[in-house]
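Colleague: Starting off with a structure, shown below.
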Amino acid sequence: MSIRHSEWDVACKVYIGGLSEDANRYDLEDAFSKFGPVKNVWVARRPPGFAFVEMEDPRDAEDAVRGLDGTRIAGNRVKVEMSTGKSRDRRDGDRGDRRDGDRGGDRRDFRGRDDRRGG
């Protein structure tokens, strides 16, 4: 019946972040159905706080993003944006950030500022 959200049409797939733990699919269907037919809803539980909605039409998805970003759904102000279709790892960084030289330089600069404060 329902396919995995990773297989949804990315042109119709919307990411919702900042949801409360008790937010459910009915809260999202209610909010998004004002912009057009909702095809699928997936709400994260471990960890909670985000969801994906697939609209029937890409134009409805874009309208929903414009209309719902920064509004309240299930009591919380939410971030609503078109999904990129890419999963994010737990570090929430770019894959290109794995080069130690780039990150290490940033850390040294930060520590250097702390040292000048008399630490």
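Colleague: Below 11 angstrom from the Cβ of F32, what's the summed charge of the other residues (Lys, Arg +1; Asp, Glu -1)? Display every interim value, and only then the final one.
Modeller: Working: positive: R25, K34, K39; negative: D27, E29, D30, E54, E56, D60, D63.
Summing Lys and Arg as +1 and Asp and Glu as -1 gives -4.
Colleague: Any chance you could look up the accessible area of D9 with a 1.4 Å probe, heavy atoms only, rounded to 10 Å²?
Modeller: Looks like 80 Å² after rounding.
Colleague: Moving to a separate point now. Quick query: amide H of S20 versus all other amide H atoms, modeled in the peptide plane; which residues come in under 5 Å with a sequence gap of 5 or more or a different chain?
Modeller: For S20, whose amide H was placed from the backbone, the distant partners under 5 Å are N76.
Colleague: Could I ask something else about it? Give me the percent of the accessible area of the range 26-90 that comes from carbon and sulfur atoms, probe 1.4 Å, all protein chains in place.
Modeller: Roughly 47 percent, rounded to a whole number.
Colleague: Please work out how much accessible surface K34 shows to a 1.4 Å probe, ignoring ligands, DNA and RNA, in Å² rounded to 10.
Modeller: My reading of the accessible area for K34 is about 150 Å².
The values are calculated or read from the model by the stated rules, or taken from the named source; none is laboratory data. Just so it is clear, the structure is predicted and the values come from calculations on it, not from any experiment. No Cβ is skipped: glycine too gets one built from the backbone with ideal geometry, and neighbour counts run over all protein chains shown. These accessible areas exclude ligands, DNA and RNA; they are computed on the full protein's heavy atoms, side chains included. Shrake-Rupley method; radii C 1.70, N 1.55, O 1.52, S 1.80 Å.
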